[in-house]
Every structure is written in structure tokens, then in C-alpha cells.
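Peer 1: My questions will all concern the structure given below.
The values are calculated or read from the model by the stated rules, or taken from the named source; none is laboratory data. Values in this document were obtained by computation on a predicted structure and should not be read as measured data. Virtual Cβ from ideal backbone geometry, glycine too; neighbours counted across all protein chains shown. Surface areas here come from the heavy atoms of the whole protein model, side chains and all, with no ligands, DNA or RNA. Shrake-Rupley method; radii C 1.70, N 1.55, O 1.52, S 1.80 Å.
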Amino acid sequence: MLQSQLFAKTKKTAPKDAQVISYKLLARADFIEQSFSGVYRFLPLGFKVLKKIEDIIREEMVALGAQEVYLPALQNKNLWLETNRWKTIDPPLFKLEDRHQKEIGLGSTHEEEITDIIRHRIKSYQDLPFFLFQIQNKFRNEMRPTGGILRTREFLMKDLYSFHADENDLVKFYEKVKKAYFKIFQRCGLSVICVEASSGTIGGELSHEFMVLSLCGEDEILTCKKCGFAANVEKTGEIKNCPKCKSKLEKKSCIEVGHIFNLGTKYSQVMKAVYIGQKGKSQPIVMGCYGIGLPRLMAAVVEISHDKAGIIWPKEISPFDVHLIKIEDTPKVKRVAEKIYKDLQKTGKEVLYDDRDRSPGEKFADCDLIGIPQRLVVSERTLEKECVEVKKRNEIKTKLLKIKSLKID
Ligand SMILES: [Zn+2]
């Protein structure tokens, strides 16, 4: 991509209402823009990152054996009355009326919808287990949508749902999902802690959250250095000592980037999603659900991976692999830079090529702000040695590499 053609206008200052660093940097680098409170636009750079996160998540869901579905955002009120969540879910549903004055909900989560799908299809234990997932927009009527894309009212979310004949089978799959989640977050450049959590209005008896340590996080966890116990403060209350080994607990702020629930038979019982067991008895299906909010994950990455100058994208979710910059507009510099641009693309690299007629200072500042992991610079000075200058975004040192044998990982 030629930077002269890129639909992005970097800014020197952040939006006035921006409090968290992720929103400041993502807005300044023109990845995102607020439309109105808690509702955001993803511009080409931001959408590229979001899509890469989506691809990683989809790959790991498919690897678990899950199949993708596409479900309506407009929700049938009757289904929500069956579970009694039409009025009780927190945050409350966005509700609207159609032209016949019939009430409709905007989906904040899809347990009712998915349980309705499976109750008409599952007949016997031989139909179990199976797993469905969706990556779609969800809507939450938040009291205080703050923190840029850390907490929004409309956002892209992955939800996986699993259906089992018994609790044992669910527990086995639940542990597999935990592993898949660690892999997803690691591929996105995040190191996470899995903690015991409170289940809120999604319900079930057991749930776990995946937490990224960050001072700007809204959640607090208690961790035990000695035995590894970790829980959300909401789950355990303000206790001082570890419930497992009695050691002193440490309290840390963090961002929740994933939440998984052992739902048990909460939904299948009230919505009569049952199957016929091996002994011919009708039993409720045992369910789990597993969520990841994509924009929040993206914001969490920026919160922990940046410096004064801008974002530092981890390799797998960076909008581009390489930021190629030409300094000086001489015919030779131009010719060599264009050749490197084309050659790198041939090797499958996504390259952002700064072909603009701007000062070196301006180009370097934009490059640092946007945060692509590798920077290549071509100038008269580097060409004297038949080299390009290579710098990693997370390092200070630069090195010269021969153009002839240029290899970029
Ligand atoms: Zn302990």
C-alpha cells in the first residue's frame, strides 16, 4: 500500500475526552474515531487490525472443532421472556419497537437464540457434543461507556457455545477452550492470567476470566504467588489471605479480555432443550459459553505495547509487516525503494510504503505512531553502501543490511 493513497490522517493531539492511552494513540494514528458516546468507527488501519484478530480467533475456534453461524442482532422478545432476562439482564438490553408497536431486543448475547436453535435439533445423546460460534456485533446499554474501545455500546464479539450430554464432558471441553484462549492471546501479543470470576447475569455456577495486567483496567484481581490461586475481587470479596494456602494475596488492576462460563443446565432447563440419554431418559443438555470482545482485545494490546512515540504492534496483528520509507526524492532513491517495495510484496509481505513528499522527521513520527513492527529506510546515505537501514519498532538500534541479500522476517 502506498502511504500517499492510505485513508488515514495522523494527528498531533488526541481527542479532548480521551482518558486512556489506547484511545489516545489509536485516534491519533487514525485507526478509530468516535461517532458518539460509546460508538466507534473503525477506519482502514483499525479495521485491518480487527480483521487480523478475527482471523486468529476463527482459526483457533475451527481447531476446536466448532462451526460458525451467523445470528440475528434483532432478538425475539418471547425467547427472552422464557429465561426471564428481558428485564433482568445487566447491562439492560437496547429495546426498540417495530412499526406494529411490537417490542424487539438488540442482542447483547445470544444464549436464548442459540438454545432455541438447538432444542429443535438435538434428539439423542448421539447428537452430542457439538460446538457453534459466531463473530458478530453485540449491543450493550452501558451506564458509562468510557475508555475508548475498552468499553463500548456496540462491538464485535466472538461467542462460542458448547453442548454436552454431561458435566464431565463439558469440563473436558472447558479446559480445551482455556488452552485455545491462551493461544489466541499469545498470538495477539498478550500475556494473560486466568482467574476465577463471578458469572453475573449470564449465569452458571463456574466462570473464568482472562486478564491482562494494566493500571487502566477496570477490574481488580487477587493473586497468590505461592500456589497460583487467582480470582476477580468480585468473586471473592475483599479477602486478605489465599483461600487455598492462606498466604497473603496481592491485588492488581487489569483488563478483562475474555470470559468463559460453565452454564450447566441454566438455559436448557427453562427453555426445555433436552435429549434422550442412553437409558431412554430425557435430560437437559449441559452448556458452556465462551466470549472474547475484539475491540477491547485490540485496546488491551495498545495499553501494554506502546511508548511515548506511539503504538508497537505485535507481529501477527499489525496492519502491515513492514513500513518502508524513502528519504530524499532523487531518482535513484525512488527507483530502489520501489524495487524493494515490489520485491517484498512478492515474498508475501504486507508493506506500507511511505512515498509521500514529506520531511524525514514527519515520516519517522508517523511511522512510530502507527507502530508497524519493522521499519526500512532508503536514502542516498544508505545507498552509498548499497544498503537499507532496518529498525525494529521495539528497539532503538538500527542496522544496515545489503539490499542484494535483504531478508525480512
Ligand atoms: Zn495460595
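Peer 1: Defining a contact as two alpha carbons under 8 Å apart and six or more residues distant in sequence, what relative contact order in percent does the chain show? Provide the component values of the computation, followed by the final result.
Peer 2: Working: 805 pairs, mean separation 65.5, N = 409.
For the chain, the relative contact order is 16 percent.
Peer 1: Can you give me the accessible area per residue for region 21-307, using a 1.4 Å probe, in Å²?
Peer 2: Per residue, region 21-307 has an accessible area of 46 Å².
Peer 1: Continuing with this model, one more query. Can you compute the FRET efficiency between Arg121 and Glu350 using 1/(1 + (r/R0)^6), with r the Cβ-Cβ distance and R0 = 60 Å? Round to the nearest 0.05.
Peer 2: Once rounded, the FRET efficiency stands at 0.90.
Peer 1: May I ask for the angle, rounded to the nearest 10°, between helix 167-187 and the longest principal axis of the chain, with both axes built from Cα atoms and the value confined to 0 to 90°?
Peer 2: So the inclination is approximately 10 degrees.
Peer 1: If you don't mind, another one. How far apart, in nanometres, would the label points at Lys248 and Phe36 be if each is projected 7 angstrom from Cα along the Cα-to-Cβ direction?
Peer 2: Taking the two extended label points, one gets 5.1 nm.
Peer 1: Would you mind calculating the gained length between Glu218 and Met143 on full extension (0.36 nm times residue separation, minus the Cα-Cα distance), in nm to one decimal?
Peer 2: 25.6 nm
Peer 1: Compute the acute angle (0 to 90°) between the alpha-carbon long axis of helix 360-370 and the principal axis of greatest extent of the alpha-carbon atoms of the chain; round to the nearest 10°.
Peer 2: 10
Peer 1: Moving on. What length, rounded to one decimal in nm, is gained on full extension from Phe47 through to Asn241, with 0.36 nm per residue of separation minus their alpha-carbon distance?
Peer 2: This chain segment gains 65.4 nm when fully extended.
Peer 1: For region 166-225, what is the per residue volume of the convex hull drawn over the alpha-carbon atoms, in cubic angstrom? Walk me through the numbers before you get to the answer.
Peer 2: Numbers: hull volume 7.3 nm³, N = 60.
Convex hull volume per residue, Cα atoms: 122 Å³.
Peer 1: On a C-alpha basis, how far is the centre of region 179-205 from the centre of region 321-383 in Å? Whole number, if you could?
Peer 2: Between the Cα centres of region 179-205 and region 321-383 lies a distance of 39 Å.
Peer 1: If you roll a 1.4 Å probe over the chain with all protein chains in place, what percent of the accessible area is carbon or sulfur?
Peer 2: 52
Peer 1: Something else about it: Treating region 320-402 as a set of equal point scatterers at the Cα positions, no solvent, please give the Debye-formula log₁₀ I(q)/I(0) at q = 0.15, 0.19 Å⁻¹.
Peer 2: Log-scaled intensity ratios, in q order: -0.47, -0.79.
Peer 1: Which cysteines in the chain lack any other cysteine whose Cβ sits under 4.7 Å from their own Cβ?
Peer 2: Taking the Cβ cut-off of 4.7 Å, the unpaired cysteines of the chain are Cys188, Cys194, Cys216, Cys254, Cys289, Cys367, Cys387.
Peer 1: Next question, about the same structure. Roughly what angle does helix 331-346 make with the longest principal axis of the chain, taking Cα atoms, 0 to 90 degrees, to the nearest 10?
Peer 2: Taking the Cα atoms of the chain, the angle to 331-346 is about 30 degrees.
Peer 1: Continuing with this model, one more query. Below 21 Å, Cα to Cα, which lysines can Lys226 reach? Residues fewer than 8 away in the same chain don't count.
Peer 2: Lys235, Lys240, Lys244, Lys246, Lys248, Lys251, Lys252
Peer 1: Still on this structure, please answer the following. Restricting to DSSP H runs of at least four residues, report the calculated mean residue ellipticity at 222 nm for the chain, -39500 (n - 2.57) per run over all residues, nearest 500 deg cm²/dmol.
Peer 2: That calculation yields -8500 deg cm²/dmol at 222 nm.
Peer 1: For the pair Asp98 and Lys172, how long in nm is the line joining their label points, each one 7 Å along Cα→Cβ?
Peer 2: Distance between label points: 4.3 nm.
Peer 1: Considering all alpha-carbon pairs of the chain, what whole percent are spaced by more than 30 angstrom?
Peer 2: It works out to 50 percent of all Cα pairs.
Peer 1: Please compute the length gained on full extension between Thr13 and Glu316, using 0.36 nm multiplied by the number of residues separating them and subtracting their Cα-Cα distance.
Peer 2: That pair, Thr13 and Glu316, stretches by 106.3 nm at full extension.
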